[in-house]
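Readers should treat all values here as calculations from the given coordinates under stated rules, not as data from a laboratory. Owing to the predicted nature of the structure, the values given are computational and were not obtained by experimental measurement. Cβ placement follows ideal geometry from the backbone for every residue including glycine, while neighbour counts extend to all protein chains displayed.
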Amino acid sequence: MIIKRIIIVDDHAIVRNGIKAILSYFKDISVIETASNYAELEDHIKNELPDVVILDIEMPEMDGITIAGILQDKHPEIKKIILSAHITNQNISDAVEAGVLAILPKDADEDELYTAICKAYNGDYYYSNFVQELVLKNYLTNHKKDNKSSQQDTECLSEREMEIIKAFGDGLSYKEIADKLFISPRTVESHKIRILEKLKLHTIIDLVKFGIKNNIINI
């Protein structure tokens, strides 16, 4: 696997250059470029579309989630990653809606960043342990008291679909789920789309919340 082009977008030069230096050690990443804002990113994109864009959230001219949303509209094929010191439940939700595939804090190590890049490049989701814990703690705090009364009907789900939900709850990628269930990643994607349609949900995070609330996923 060769990731041809990555662009790092951060308003701090020391951060951009530090991430670039770290990623330069990975031989399967070909070109690494940087931008301090959306205008510079757009100039890079005019020359050639990147495979992956790594975005900070808080930037003075335009925040990273807004940039992700613009990229999702103009170039949905570009894989988007959030790497930020300012991660909250609200911007996690906003980032997912903007088509971001991977979210991790800036104190992640180089191996975790590389893993997130590879998963996003392959179209898989990656949420760091910090992000998963933040989402689940918030969810449990808000819904623990009325959990039983708010359970939804799961009779519409097949046994295989329940297995898919459990696997997403374990944080497995599409390929890992496919290997575990002896099916193809494309079949996993088809199951996911069908489950979301049945349950009238929108994202993997919504699906995991549903699984917890309905005792499909144990935490």
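At an R0 of 45 angstrom, the distance between the Cβ atoms of residue 58 and residue 193 translates into a FRET efficiency of 0.85.
Which one of 47, 138, 17 has the biggest mean-square fluctuation once the chain is modelled by GNM with Cα springs under 10 Å? Comparing 47, 138, 17 in the GNM, the peak value goes to 47.
Among the aspartates and glutamates, which fall within straight-line cross-link reach of residue 4, defined as a Cα-Cα distance under 12 Å, with same-chain neighbours fewer than 8 residues apart omitted? Answer for residue 4, where 12 Å is the Cα cut-off: 28, 33, 48, 51, listed by chain and number.
How long are the three semi-axes of the equivalent ellipsoid of the chain, in whole Å, if each is the root of 5 times an eigenvalue of the C-alpha gyration tensor, listed from largest down? If you can, show how the numbers build up before the last one.
On the way: eigenvalues 206, 74, 46 Å².
Each semi-axis is the square root of five times an eigenvalue, giving 32, 19, 15 Å.
A dipole drawn for the chain from +1 and -1 charges on Cβ atoms has a positive end, and of 44, 9, 187 the residue lying farthest that way is 187. Ellipticity at 222 nm from helices only: DSSP H runs of n ≥ 4 in the chain, each -39500 (n - 2.57), divided by the residue count, give -15500 deg cm²/dmol. Taking 0.36 nm per residue of sequence separation and removing the Cα-Cα distance, the residue 129/residue 72 pair yields an extension gain of 18.0 nm. Counting neighbouring Cβ atoms within 10 Å and putting the fewest first, the residues 174, 114, 25 line up as 25, 114, 174.
Histogrammed with a bin width of 5 Å, the alpha carbon distances of segment 176-219 distribute as 5, 21, 23, 26, 21, 4 percent, first bin at zero.
Ordering 92, 62, 177 by Cα displacement along the dipole of the chain toward the positive end leaves 177 in first place; charges were set at the Cβ atoms of Lys, Arg (+1) and Asp, Glu (-1).
Listing 118, 156 from fewest to most neighbouring C-beta atoms within 10 Å gives 156, 118.
The relative contact order of the chain comes to 14 percent, based on Cα pairs under 8 Å that sit 6 or more residues apart. Exposure proxy for 94, 43: other Cβ atoms within 10 Å of each Cβ, ordered fewest to most, give 43, 94. Span-like helix check, the chain: no full DSSP H segment qualifies, none having both a Cα axial length of 30 Å or more and a mean Kyte-Doolittle of -0.5 or more. Within the same chain, aspartates and glutamates fewer than 8 places from residue 213 are excluded, and of the rest, those with a Cα less than 17 Å from its Cα are 133, 146, 153, 155, 161, 163, 170.
About its Cα centre, segment 147-213 has a charge dipole of approximately 140 debye under the convention of +1 per Lys or Arg Cβ and -1 per Asp or Glu Cβ, with nothing else charged. Taking the Cα centre of the chain as reference, the dipole from Cβ charges on Lys and Arg (+1) and Asp and Glu (-1) amounts to some 720 debye. At R0 = 22 Å, how high is the FRET efficiency between residue 137 and residue 109 if r is their beta carbon distance? Nearest 0.05 is fine. Efficiency computed from Cβ-Cβ geometry: 0.45. Return, ordered by residue number, the residues of segment 197-219 whose backbone nitrogen is under 19 Å from a label point located 7 Å along Cα→Cβ of residue 159. Under 19 Å, as judged by backbone N against the label point of residue 159, lie 216-217 of segment 197-219. Using a cutoff of 8 angstrom between alpha carbon atoms and counting only pairs six or more residues apart, the relative contact order for segment 3-128 works out to 22 percent.
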